[in-house]
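Take a look at the structure set out below.
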Amino acid sequence: MSKNHSGVFIGGLVLGTAIGTLAGLLTAPRTGRETRKLLKKSANALPEIAEDLSTSVQLQADKFSHNARSNWDDTLDRLRLAIAAGIDASQRESQILTQQDILDKQTVSSSPVAEETNSLGHRMDR
């Protein structure tokens with residue numbers, strides 16, 4: 001059973017027990033006086049049962065809240081790491097592309113065709 005549903009289960013168990021007890025008392029072959037006495041004892045126990053149920057629900061809500069907060073914090077940490085990794089990868093890729101552009105420009109300027117073009121351009125200037 002998952003942690004999230006255990007509080008609901010406990011609440012249902014307590015409520016079912018109370019309803020079952022009441023049904024048993026009303027259908028039991030006892031005198032009216034005995035039945036009223038048992039009903040009075042059960043009625044006196046209801047505040048305690050309600051308090052137990054309330055405490056159980058509060059504990060389950062606290063656990064759920066803690067788990068949700070923990071999961072949220074873990075998710076934020078993973079997201080921060082993913083963003084940082086993405087930024088680093090983007091910067092590395094940008095540096096690689098910049099270096100490739102520089103190499104491409106150097107290769108073009110030192111190629112024989114570029115030298116001939118440069119020499120022709122210089123001849124035309126004269």
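Condition check: surrounded by fewer than 10 Cβ atoms within 10 Å (Cβ to Cβ) and out of contact with any strand residue (DSSP E or B) (no Cβ under 7 Å at 6 or more places or on another chain). Does T27 satisfy that?
Values: surrounded by fewer than 10 Cβ atoms within 10 Å (Cβ to Cβ): yes; out of contact with any strand residue (DSSP E or B) (no Cβ under 7 Å at 6 or more places or on another chain): yes.
In short, yes.
Please tell me if T75 is closer than 28 Å to G7 by Cα and modelled with pLDDT of 90 or more.
On the way: closer than 28 Å to G7 by Cα: yes; modelled with pLDDT of 90 or more: yes.
Spelling it out, T75 is indeed closer than 28 Å to G7 by Cα and modelled with pLDDT of 90 or more.
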Here's a check for you: in the stretch 1-57, which residue that is part of a loop (DSSP other than H, G, I, E, B) and within 41 Å of the chain's Cα centre (by Cα) is farthest from N71 (Cα to Cα)? M1
Those residues that are without any contact (Cβ under 8 Å) to a residue 40 or more places away in the chain and of a type in the set (V, I, T), I need them from the stretch 49-99; list them, please. I49, T55, T75, I83, I87, I96, T98
Report, ordered by the first and then the second residue, all pairs with beta carbons closer than 8 Å, sequence separation of six or more or different chains, a first member in the stretch 6-24 that is farther than 12 Å from L53 by Cβ, and a second member that is assigned to a helix (DSSP H, G or I) and not aromatic (F, W, Y). S6/Q60; T21/S42; L22/L39; L22/S42
State which residue pairs qualify: first residue on the phi > 0 side of the Ramachandran plot and inside the stretch 27-43, second residue of a type outside the set (G, A, S) and at pLDDT 80 or above in any location, beta carbons under 8 Å apart, and separation of 6 or more residues or different chains. none
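The values are calculated or read from the model by the stated rules, or taken from the named source; none is laboratory data. As the structure is a prediction and not an experimental result, all values here were calculated from the model. Note: ideal-geometry Cβ built from the backbone for every residue, glycine included; neighbour counts use all protein chains shown.
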